[in-house]
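What follows is a single structure, written as structure tokens, with notes after it.
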Amino acid sequence: MLSVLDLFRVGLGPSSSHTVGPMRIAWRFIRAAGKHGVLLKAARVEVELQGSLALTGIGHGTDKASILGLLGFTPEGADPDEAEAAFRNVARDKMLALPGGKTIPFNPLKDILYRGDIMPDLHPNGMALRLFDEDAQLLWEQVYYSTGGGFIASARQLSRPAKGDLVADKSASPFAFGSAEQLLGLCDQEGLSIEDLILANEDQRRSREETLKQLDAITDVMLACVERGLNTGGILPGGLEVTRRAPDLYRKLKAGAGSNEREALFDWLNVYAMAVNEENAAGGRVVTAPTNGAAGILPAVIRHYCCDEDGQIERNKARRFLIVSGGIGLLYKQRASISGAEMGCQGEVGVACSMAAGGLAAVWGATPIQCLSAAEIGMEHNLGLTCDPVGGLVQIPCIERNAIGTVKAVNAARLALHSADMGKVSLDQVIETMRQTGLDMSSKYKETSQGGLAVNVVEC
């Protein structure tokens with residue numbers, strides 16, 4: 001069992017696997033080098049991006065993230081403006097100030113290697129880092145993988161999987177579950193809702209007060225991101241010249257123009273989701289939910305269904321939504337993957353849609369069966385969704401895809417509430433189908449920008 005809080009990580013856009021993960025990897029590498037006493041001997045550092053990290057590295061900001069990690073920035077603590085200034089200084093001066101005081105030459109054009117020709121066996125998002133001394137002798141080398149949602153793993157961790165491909169739960173969760181069937185069985189056996197059961201597991205990790213405090217903090221970051229996106233115009237970076245659309249749509253909606261009562265629901269859901277993903281595309285502060293590329297769906301649902309008419313958050317609703325959504329996300333993380341490089345966009349927007357559908361059903365008072373039925377519907381109609389970002393940027397089709405995914409999530413929750421049973425297809429079955437589909441999917445459609453829209457849309 002992971003904690004639901006593991007799925008919701010604060011970081012900078014535009015990608016959890018290509019930005020948040022690499023920043024965390026570079027930071028861990030430098031920290032480990034310092035502990036082993038080799039950092040002060042270093043005269044050069046080399047970053048080798050492999051597989052999907054290389055193929056869309058520039059568009060996903062992997063070069064910037066790697067440099068920031070080497071400078072000592074962490075995804076959770078980095079201020080977007082400070083991080084941008086630090087990155088520009090390195091790009092301009094060709095010098096890198098390592099944690100501990102030593103400064104060494106660093107040319108991003110030469111010291112970051114893009115090895116798209118290397119597709120690692122362990123995971124498509126490989127990253128090798130090396131330190132050399134003044135005589136060009138190798139001092140320190142480590143290989144890591146960015147496994148989606150900001151999670152990272154060393155080569156050793158991935159090459160030596162635990163028995164049954166599961167890691168032991170160090171917190172001795174009283175209600176550990178590895179499948180939706182087990183989760184439903186525990187809820188039925190204990191007479192608990194999904195929310196209460198998961199909170200009981202979280203209680204083994206920290207106090208209930210601390211869990212709720214962290215959930216509230218996650219909600220606040222999500223809603224702050226919505227507000228920034230609604231009120232920040234301009235052109236998104238990267239060269240596609242994509243105009244932010246959320247602020248203009250938001251102004252029209254507030255003025256009561258552009259839609260009637262029947263259509264307004266879609267417009268509000270769309271504008272909230274797009275606001276977040278436009279912020280993400282600009283490198284702003286977002287919450288992985290469960291990834292950056294799918295970060296707009298959960299906040300949009302929270303903003304529309306867990307806030308009052310004045311936009312004030314209703315804490316109990318938001319907590320319930322995140323707890324149940326997170327529990328569903330754990331099933332995908334445990335049984336399949338939330339990495340676009342492994343699963344395509346079904347593992348990002350598809351999973352976020354499924355999570356949001358189950359969480360919203362819980363907010364509306366659904367039974368555990370109905371919550372998991374909503375989650376199943378949310379994924380069933382995202383199966384096979386490809387990840388083919390134009391120009392390697394998390395903009396087209398990613399921003400609109402979050403808006404569509406949000407509407408799908410709400411509809412999935414509504415459909416589930418009209419039935420007391422799971423339906424013919426279980427959540428476990430749809431998760432396994434997603435996993436198999438991801439394995440069968442061509443690498444062209446899994447965050448490499450080598451197929452689909454990425455090659456059929458002319459970059460302007």
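Can you tell me which of 56-65, 107-116 comes out highest on packing, and rank the rest after it, using the mean Cβ neighbours within 10 Å?
Those peptides, ordered most packed to least, come out 56-65, 107-116.
Could you please state, rounded to a whole Å, how far the C-alpha centre of segment 410-424 is from the C-alpha centre of segment 15-51? Cα centroid of segment 410-424 versus Cα centroid of segment 15-51: 46 Å apart. In a Debye calculation with equal point scatterers on the alpha-carbon sites of segment 16-159 and no solvent, what is log10 I(q)/I(0) at q = 0.15, 0.21, 0.22 Å⁻¹? These q points yield log10 I(q)/I(0) values of -0.67, -1.38, -1.50.
Per residue, the chain reaches -15000 deg cm²/dmol at 222 nm when only DSSP H runs of four or more residues are counted, each adding -39500 (n - 2.57). Seen from all directions on average, segment 1-74 presents a Cα convex hull projection of 6.1 nm². Given (1) 62; (2) 39; (3) 54 as candidate values of percent of Cα pairs over 31 Å apart, which corresponds to the one derived from the coordinates? Computed from the coordinates, percent of Cα pairs over 31 Å apart corresponds to (2).
Taken about its Cα centre, segment 72-148 carries a charge dipole of roughly 200 debye when the Cβ of each Lys and Arg holds +1 and the Cβ of each Asp and Glu holds -1. Taking the dipole about the Cα centre of the chain, with the C-beta of Lys and Arg at +1 and of Asp and Glu at -1, give me whichever of L383, P99, V242 is farthest to the positive side. Value computed over the given set: P99. A cut-off under 12 angstrom between Cβ atoms defines the neighbours of S443, and their net charge, with Lys, Arg +1 and Asp, Glu -1, is -2. Taking a ≥ b ≥ c as the square roots of the eigenvalues of the Cα gyration tensor, segment 243-376 is classed as oblate, since a/c reaches at least 1.5 and a/b does not exceed b/c.
Kirkwood's formula applied to the C-alpha pairs of segment 190-313 gives a hydrodynamic radius of 16.0 angstrom. When the Cα positions of L192, I25, M274 are compared along the charge dipole of the chain, I25 comes out farthest toward the positive end, with charges on each C-beta of Lys, Arg, Asp and Glu.
Only Cα sites of segment 323-442 enter the Debye sum here, all with the same form factor; the resulting log10 I(q)/I(0) across q = 0.15, 0.21 1/Å is -0.58, -1.07, listed in q order. Summing Lys and Arg as +1 and Asp and Glu as -1 over all other residues whose Cβ lies under 12 Å from the Cβ of I25 gives a net charge of +2. Listing H123, H304, H18, H418 from fewest to most neighbouring C-beta atoms within 10 Å gives H418, H304, H123, H18. Think of each Lys and Arg Cβ as +1 and each Asp and Glu Cβ as -1; about the Cα centre, that makes the dipole of the chain roughly 720 debye. Counting only Cβ charges, +1 for Lys and Arg and -1 for Asp and Glu, the dipole size of segment 16-159 around its Cα centre is about 220 debye.
With a cut-off of 10 Å between beta carbons, the residues surrounding G11 carry a summed charge of +2, where Lys and Arg count +1 and Asp and Glu -1.
From the alpha carbon centroid of segment 229-294 to that of segment 63-125 is 29 Å. For the peptides 398-408, 200-210, the ranking by mean Cβ contacts within 10 Å, running from highest to lowest, is 398-408, 200-210. The long axis of helix 398-417 is offset from the longest Cα principal axis of the chain by roughly 30 degrees.
With unit charges on the beta carbons (Lys and Arg positive, Asp and Glu negative) and the dipole taken about the Cα centre of the chain, which residue among A83, G365, Q395 sits farthest to the positive side? Of the listed residues, the answer is A83.
Each value in this text was obtained by applying a stated rule to the coordinates, not by laboratory testing. Just so it is clear, the model here is predicted, and its values are computed rather than measured. As a convention, Cβ positions derive from the backbone with ideal geometry for all residues, glycine included, and neighbour counts pool all protein chains shown.
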